[in-house]
Structures are given as C-alpha cells and as structure tokens.
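Structure, as structure tokens:
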Amino acid sequence: MSLKSERRGIHVDQSELLCKKGCGYYGNSAWQGFCSKCWREEYQKARPSINRQASLETDRVSKEFIEFLKTFHKTGQEIYKQTKIFLEAMHHKRELSIEEQSECTQDFYQNVAERLQTRGKVPPEKMEKAMDQIEKYIMTRLYKYVFCPETTDDEKKDLAVQKRIRALHWVTPQMLCVPVNEEIPEVSDMVVKAITDIIEMDSKRVPRDKLACITKCSKHIFNAIKITKNEPASADDFLPTLIYIVLKGNPPRLQSNIQYITRFCNPSRLMTGEDGYYFTNLCCAVAFIEKLDAQSLNLSQEDFDRYMSGQSSPKKPESEPWAPDACLGVQQMYKNLDLLSQLNERQERLMSQAKKLEKDLIDWTDGIAKEVQDIVEKYPLEIKPPSQPLAAIDSENVENDKLPPPLQPQVYAG
C-alpha cells in the first residue's frame with residue numbers, strides 16, 4: 001500500500017510503510033521493505049567482493065593523497081583538513097539535488113586553488129598536479145553517490161541514446177564521409193583501440209581518468225586518419241570519425257559519464273587543454289547522433305525510414321570489388337543481407353497486391369449490394385394476402401350440405 005492510498009482517505013498503518021532499517025523513510029515492497037537508499041546499501045553488503053575491491057581502491061588512493069600532500073608541508077596539512085571537512089559535509093548533503101552537490105564541489109575546487117596560490121605560492125605546474133590528486137581523492141569516495149543518481153533522469157537518457165545508436169547500426173563510414181580505410185590493418189587496429197578506450201571510460205571512477213580515456217580514443221582516431229590519408233588529420237576529419245566510433249562502439253552509460261564529468265571535473269581541465277577540446281567534440285558527436293536525420297546522411301526520407309525500421313539495409317555497391325584478403329564471413333553476410341532485402345521487397349509487393357485485391361472485393365460487394373437495393377426500391381415486391389382462406393384437404397367441410405351425396409358402391413353380377 002502506498003502513500004497515495006492514505007491521501008485518498010484509506011487508513012494505512014504507518015509502521016508498515018516505514019523502511020525496515022528504521023531510517024525514517026518509506027519502504028517499498030519492490031525493495032523488500034527497505035527504502036531505495038537502504039536497499040542499495042543492503043545490496044552492496046551482499047556483494048563483498050565488489051565492496052572489498054572498492055575499499056582497497058579507496059585505501060590506495062588515500063595513501064597516495066597523503067604522501068603527495070607531504071611535499072606541501074604545512075599547506076598540505078591544511079588542504080587535507082579542508083578535504084576531510086568537505087567530504088563530511090557532502091555526506092550530510094546527499095539529499096540535495098545533484099546540481100547543488102555539483103555546485104558545492106566546484107566551489108571547493110575554487111577555494112582550494114585560491115588557497116594554494118595565495119598561501120602556498122604553488123607554481124602552475126605543481127598546482128595542476130595538486131588539483132588532480134584532490135579530485136582523485138574526493139571523487140573516488142563520492143563516486144557511488146553522485147554518479148547516475150536516482151534523483152536524475154541520467155539512466156533514462158542512457159537508455160534512449162543506447163537505443164538510438166542500436167537503431168543506427170546500418171550507418172556506414174561513407175555516409176558520414178569518414179576518411180578512414182579499415183582495410184588497412186594498422187588503421188583497423190587503431191579503430192579497435194579507439195573503440196576500446198571509449199568503452200573503458202565507464203570503468204573509471206575519477207572524472208580526470210574518464211577524460212583521459214576520451215583523449216586516448218581521440219589520438220587513435222587522429223592516427224587512423226593520418227595513416228589513411230598519409231597526411232595530418234584536420235578537425236573536419238576528426239568529428240565525423242568520432243561519430244562513427246561512437247556508433248560502432250555504443251559506449252555504456254554514455255550520457256551519465258558525460259554528465260558526471262561536467263558536474264564534478266576540475267573546471268580548469270574542461271575549459272583548457274586537449275582534454276577539454278576532445279570532451280567538447282564528444283558532446284557534439286552525441287548531440288549529432290541524437291538529431292541525425294536523412295538530410296545529415298544525404299539520403300531520401302523514404303530510405304532513411306526503411307533503414308531505421310529495419311525493413312532494409314544499405315547494399316554494398318556491386319561495382320565495388322571485394323579486397324582479396326576480405327573476410328569470407330563478411331562477404332557472406334553482405335550477400336545474405338542483399339537476399340533478405342530482396343525477399344523483403346518481394347513480400348512488400350505481395351502485401352500491397354493483397355491489400356489491393358481486398359479493397360477490390362470490398363468495392364465489388366458494396367457495388368452489388370447497392371444495385372440490388374436500387375432494383376428493390378425501383379420495383380418493390382408487394383405480396384397481397386388471399387381473398388378467401390384455403391381450407392385444408394382434411395379439414396371438415398362446413399358446406400357439405402350443398403354437395404351431392406357420396407357414391408354408394410354397387411355390385412354387378414358378371
């Protein structure tokens with residue numbers, strides 16, 4: 001029973017609605033009587049290996065952070081103290097919206113950077129390393145609370161993008177004008193590495209590490225273009241290729257990772273440097289995929305709709321010969337796709353003719369019915385009742401007094 005029942009005037013025992021753990025929030029039968037927060041904690045307790053791994057990683061990051069701050073002497077002690085205070089404050093702010101938590105984190109970055117500049121007189125090179133270590137320490141601890149939280153629609157967006165990319169599986173490099181020739185073994189290896197890097201982004205916990213995966217992916221793309229064209233790649237070549245890599249790799253939780261980086265990454269990395277440039281291009285690639293239409297691929301709307309619905313797929317041009325070392329399985333796959341496309345077109349023609357025949361039969365039936373109705377209206381059939389009722393043969397004749405007497409049998413002598 002839910003709170004809606006209580007609002008409608010139905011008596012509800014509050015003790016049955018409260019979380020079994022006694023946290024004060026309402027439970028849910030889908031979560032075995034726990035609230036969402038406590039159920040998640042209980043679920044994590046049931047997975048000790050994952051908790052142990054996360055705990056080991058947290059301990060390792062904490063030791064690295066403490067060792068790094070020792071090089072700053074007194075300033076390092078102040079930074080460590082401020083960081084602990086910030087983490088405790090964030091622990092009590094989990095009920096805030098993710099935007100408010102993001103704002104608190106960004107304010108903390110700014111305050112720490114100002115403290116290092118004014119009090120610590122830290123040079124810019126060392127400042128960047130310090131901010132990276134601070135981000136790594138706090139975000140390793142906050143990751144499970146602020147990545148794809150339940151209070152946002154990040155998961156819904158992830159599923160929408162994933163479904164969209166799956167529907168666009170038929171898009172070819174030629175449609176996107178991608179200057180990459182995957183028949184070159186070295187280029188094919190670069191493409192595989194780029195896809196691996198963009199997928200690996202989801203396994204990282206720190207925004208900077210996620211950005212590093214995007215940067216490695218982008219550099220592999222530039223190398224693939226350079227090998228194909230035998231000249232340095234341009235920005236105009238990079239974005240279409242990145243779009244193709246995203247379509248081909250379909251990275252998990254893509255929108256959640258983008259939102260997580262935007263909300264909690266050190267702002268200096270997003271506003272400057274190659275990490276920020278490559279991240280901006282990734283955001284543009286995702287936006288392009290979400291709005292991709294027939295015009296974007298130089299296709300007719302009819303062909304685009306057919307490809308999106310799965311009714312047919314782009315055919316390999318017959319004039320384009322297969323490479324001698326082309327995989328036989330790939331060749332057979334394209335032949336099967338062509339055959340399926342032909343069968344699909346034939347089926348569509350048969351369905352069209354069947355629908356036309358059905359319509360003709362309906363029209364013919366309606367026409368006959370109308371003609372019959374017109375004839376009936378023009379020549380109405382009138383059935384008049386008989387003037388005198390006919391008596392049945394075996395009925396008693398009421399007028400037998402007027403009849404002659406019946407013949408009497410006579411015997412004749414022979």
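The values are calculated or read from the model by the stated rules, or taken from the named source; none is laboratory data. This structure is a prediction, so every number in the text was calculated from the model and none was measured. Counting neighbours? That spans all protein chains shown, and the Cβs are built from the backbone with ideal geometry, glycine included. Protein only, heavy atoms only, side chains kept; ligands, DNA and RNA dropped before computing areas. Shrake-Rupley method; radii C 1.70, N 1.55, O 1.52, S 1.80 Å.
Would you check if there is a residue in the stretch 171-179 being surrounded by fewer than 17 Cβ atoms within 10 Å (Cβ to Cβ) and without any contact (Cβ under 8 Å) to a residue 40 or more places away in the chain?
yes
Would you tally the residues in the stretch 83-103 being surrounded by fewer than 17 Cβ atoms within 10 Å (Cβ to Cβ), touching a helix residue (DSSP H, G or I) at 6+ places or on another chain (Cβ under 7 Å) and either farther than 18 Å from T58 by Cα or of a type in the set (V, I, T) (or both)?
Residues in the stretch 83-103 being surrounded by fewer than 17 Cβ atoms within 10 Å (Cβ to Cβ), touching a helix residue (DSSP H, G or I) at 6+ places or on another chain (Cβ under 7 Å) and either farther than 18 Å from T58 by Cα or of a type in the set (V, I, T) (or both): 2 in total.
Would you call G276 surrounded by 14 or more Cβ atoms within 10 Å (Cβ to Cβ) and over 30 Å from L87 (Cα atoms)?
It is false that G276 is surrounded by 14 or more Cβ atoms within 10 Å (Cβ to Cβ) and over 30 Å from L87 (Cα atoms).
Looking only at the stretch 77-93, which residues are assigned to a helix (DSSP H, G or I), without any contact (Cβ under 8 Å) to a residue 12 or more places away in the chain and of a type in the set (D, E, K, R)?
K81, K84, E88
Quick check: anything in the stretch 142-155 over 22 Å from the mean Cα position of the chain (by Cα), more than 30 Å from L328 (Cβ to Cβ) and aliphatic (A, V, I, L, M)?
yes
Each row is one residue, and each column tells you yes or no for (1) at pLDDT 95 or above; (2) among the acidic types (D, E); (3) over 25 Å from the mean Cα position of the chain (by Cα); (4) surrounded by fewer than 19 Cβ atoms within 10 Å (Cβ to Cβ).
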residue: N181; (1), (2), (3), (4): no, no, yes, yes
residue: P185; (1), (2), (3), (4): no, no, yes, yes
residue: C217; (1), (2), (3), (4): yes, no, no, no
residue: P232; (1), (2), (3), (4): no, no, yes, yes
residue: Y244; (1), (2), (3), (4): yes, no, no, no
residue: P252; (1), (2), (3), (4): no, no, no, yes
residue: N266; (1), (2), (3), (4): no, no, yes, no
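Can you name the residue in the stretch 112-139 that is touching a residue at least 24 places away in the same chain (Cβ under 8 Å) and acidic (D, E) and, of all such residues, is nearest to D59 (Cα to Cα)?
Only one residue fits best here, namely E135.
What are the residue pairs meeting all of these: first residue in the stretch 60-71, first residue more than 12 Å from K129 (Cα to Cα) and hydroxyl-bearing (S, T, Y), second residue part of a helix (DSSP H, G or I) and open to solvent by less than 70 Å² (accessible area, probe 1.4 Å), Cβ atoms under 9 Å, and 6 or more apart or on different chains?
Here the result reads S62/Y137; S62/T140, each pair linking the stretch 60-71 to a residue that is part of a helix (DSSP H, G or I) and open to solvent by less than 70 Å² (accessible area, probe 1.4 Å).
Is it the case, given these coordinates, that A194 is surrounded by 21 or more Cβ atoms within 10 Å (Cβ to Cβ), under 22 Å from the mean Cα position of the chain (by Cα) and of a type in the set (G, A, S)?
Criteria met by A194.
So R164 ticks every box in (1) over 30 Å from F238 (Cα atoms); (2) in contact with an Asp or Glu (Cβ under 7 Å, 6 or more places away or on another chain) but one. Which box is left unticked?
Status for R164: all satisfied but (1).
Which one is farthest from L270 (Cα to Cα), of the residues in the stretch 112-141 that are within 38 Å of the chain's Cα centre (by Cα) and open to solvent by 30 Å² or more (accessible area, probe 1.4 Å)?
Among them, the one singled out is R141.
Answer yes if at least one residue in the stretch 150-167 is within 30 Å of A113 (Cβ to Cβ), open to solvent by 30 Å² or more (accessible area, probe 1.4 Å) and not hydrophobic (A, V, I, L, M, F, W, C), and no otherwise. Lay out the reasoning, then the answer.
So in the stretch 150-167, the residues within 30 Å of A113 (Cβ to Cβ) come out as 151-152, 154.
Adding the requirement that they be open to solvent by 30 Å² or more (accessible area, probe 1.4 Å) leaves 151-152.
Then keep just the ones that are not hydrophobic (A, V, I, L, M, F, W, C); that gives 151-152.
Among the residues of the stretch 150-167, at least one is within 30 Å of A113 (Cβ to Cβ), open to solvent by 30 Å² or more (accessible area, probe 1.4 Å) and not hydrophobic (A, V, I, L, M, F, W, C), which makes the answer yes.
Please identify the pairs in which a residue from the stretch 258-272 that is free of Cβ contacts under 8 Å to residues at least 60 places away in the same chain has its Cβ atom under 7 Å from the Cβ atom of a residue that is open to solvent by 40 Å² or more (accessible area, probe 1.4 Å) and not aromatic (F, W, Y), counting only partners at least 6 apart or on another chain.
Every condition considered, the pairs that remain are I258/C283.
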